[in-house]
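Note sheet for the following structure.
Laboratory data are not the source of any read-out in this text; all were calculated from the coordinates shown. The model shown is predicted, which means the values in this text are computed figures rather than measured ones. Here the Cβ positions follow ideal geometry from the backbone for every residue, glycine too, while neighbour counts run over all protein chains shown.
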Amino acid sequence: MKKLKTICIILFTVWCVTMMILSPSSAQRPRQRGVSEEEIKKMEEAMPTKAVVEPAKPRKLLVIDLVKGYYHTSIPYWNKALEIMGEKTGAFSVTISEDVNMFSAENLAQFDAVCFNNTVSLPLSPDKTPELCKSLMDFVKGGKGLVAIHAGTDTFYAKPYVWPEGSEMLGGKFTGHPWTANGTWAIKIDEPNHPLMAPFKGKGFKIKDEIYRTEPPLYSRSKQLVLMSLDMSDEVTKNKAQKPSDADTGISWIKTWGDGRVFYCSLGHNHDVTWTAPVLEHYLRGIQFALGDLKVDTKPKPNP
């Protein structure tokens, strides 16, 4: 009997340790791979050398990399890329945190914009964190900025943290990625003359990355200015579409939200995107827009 009790205790201990290892919220971050010196050098070489416009004042960007779901291994890459971008261009300084309490009104007051770095399933919802939801929404609507990288839209819709207004603010949510990370997909430039699109010189391009589906009604060209999208004239890209709505899959967009500004870009799942020069400059321009320094047109252009 005593031997059986000992075996049970051992088995229970093994089970507990296994659950801790498998739990995405507790164990995925310690498993993340660091960014190598060689990769950092690639980022530095690909990074823009100066700000697009001179900041009106020293700008502060809060980068949130909190994850309660699938952990993207590109998170530390984007953290490092944003740090290098801010330091090299002088456009902003970066504070990185995984503390949800940074969304309190007192903490947000020191920043000009918030960046969601692949924040899958942020623990924010009006029923569970009403004060934090209000302060973040007031922050953006009150004239500040929001930037979301890749899985930044993979949040605010999965139980127990559901926040419809948060998803509406972002302009889209994750519903799948038929265009997987091991494929190369065609991108078309919807707004070739827009300042945020200058890095691409009016030409579409192909990129190996994971592309998120964008579905109505959250995603709509009548609600946001879509800057680039998947090019369905490319057969390889088109053949991965699974739904009629996939015909219009946005890649990046901007929008006005209250008196504030929102910038989203789907690119950023694969590590090497963080040393792809035109994409980095696109992000710099989007961030400077969100910070309030780069004044651009945000008027939506609905599908004809």
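Can you tell me, using C-alpha contacts under 8 Å and at least 6 residues apart, the relative contact order of the chain as a whole percent? Please report the intermediate quantities before stating the final value.
Details: 620 pairs, mean separation 57.2, N = 304.
Value for the chain: 19 percent.
Give me the lysines in straight-line cross-link reach of K42: C-alpha distance below 21 Å, same-chain residues under 8 apart excluded.
K50, K80, K88, K206, K208
Determine Rg/Rh for the range 56-291; Rg is computed over alpha-carbon atoms and Rh is the Kirkwood hydrodynamic estimate from the same atoms. If you can, show how the numbers build up before the last one.
Working: Rg = 16.5 Å, Rh = 17.6 Å.
Result for the range 56-291 is an Rg/Rh of 0.94.
When we measure straight from the Cα of K223, which lysines land under 20 angstrom away, once same-chain ones fewer than 8 places off are left out?
Hits, sequence-local ones excluded: K141, K144, K173, K188, K255, K295, K299, K301.
Can you order the peptides 224-233, 290-299 by their average number of other Cβ atoms within 10 Å per residue, highest first?
Going by the mean number of other Cβ atoms within 10 Å, highest first, we get 224-233, 290-299.
Of Y157, N118, T274, whose Cα points farthest to the positive end of the dipole of the range 56-291 (charges on the beta-carbon: +1 Lys, Arg; -1 Asp, Glu; origin at the Cα centre)?
So the residue furthest toward the plus end is T274.
Sort 181-193, 110-122 for me by packing, meaning the mean count of neighbouring Cβ atoms within 10 Å per residue, highest on top.
Values: 181-193: 16.4, 110-122: 23.7.
Ranking the peptides 181-193, 110-122 by packing returns 110-122, 181-193.
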